[in-house]
Amino acid sequence: MKHLLLLFILNFYCLVSYTNSKDLTRQNPIVKTIILKGVSGKHHFFEPREIKFFTGNLYKLIIKNTSDSKHYFSSDSFSKAIFTRKIQININNKKLAEIKGLINEVEVWPNHEIEWWFVPVKTGYFDDLNCKVKDKKNNITHAKMGMKGVIIIE
């Protein structure tokens, strides 16, 4: 009898937990910005170089390129630790496009920005954030010129 009562309580708890669950992709997003900076032939970098997220929260990461070169925001390990809701492209504060599905990296052109909406689902320290673009003046990758970063998910 005790086992049946325990089983009933456990089933009831699981049912209540399931009905109280929510769609994590529909929360109000936490907005963070990372700026892609640099000068061709001199240096390229992410600002900030380190960015932190927490599992279970919806983020809108604004990736803004203020430099004179196109840049990649690329981290294979980060892309495997998140659920992407969408990438959104806006022009003049009007939505132009949304990209959905698995995203490994994004490319942002000079003086433009994108929004990456995602929920981190796996903790980790990801030190493979980089830009693979080659510099227009010296043909060295932006990563070798300093465009590397770290993403932390707690």
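A quick yes/no check of all residues on (1) under 25 Å from I91 (Cβ atoms); (2) crowded, with 17+ Cβ neighbours inside 10 Å:
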residue: W109; (1), (2): yes, no
residue: H112; (1), (2): yes, no
residue: T123; (1), (2): no, no
residue: F126; (1), (2): no, yes
residue: L129; (1), (2): no, yes
residue: K134; (1), (2): no, no
residue: K137; (1), (2): no, no
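Taking first residues from region 20-45 that are of a type in the set (V, I, T) and at pLDDT 95 or above and partners that are outside any strand (DSSP E or B) and surrounded by 13 or more Cβ atoms within 10 Å (Cβ to Cβ), the Cβ contacts under 6 Å between residues at least 6 apart in sequence or on separate chains come to I30/N57; I35/T66.
In this structure, is I87 surrounded by 19 or more Cβ atoms within 10 Å (Cβ to Cβ) and without any contact (Cβ under 8 Å) to a residue 40 or more places away in the chain? It would help to see each step written out before you state the result.
Working: surrounded by 19 or more Cβ atoms within 10 Å (Cβ to Cβ): yes; without any contact (Cβ under 8 Å) to a residue 40 or more places away in the chain: yes.
Taking the combined requirement at face value, the residue satisfies it.
The values are calculated or read from the model by the stated rules, or taken from the named source; none is laboratory data. The model shown is predicted, which means the values in this text are computed figures rather than measured ones. All Cβ positions, even for glycine, are placed from backbone atoms using ideal geometry, and neighbour counts span all protein chains on display.
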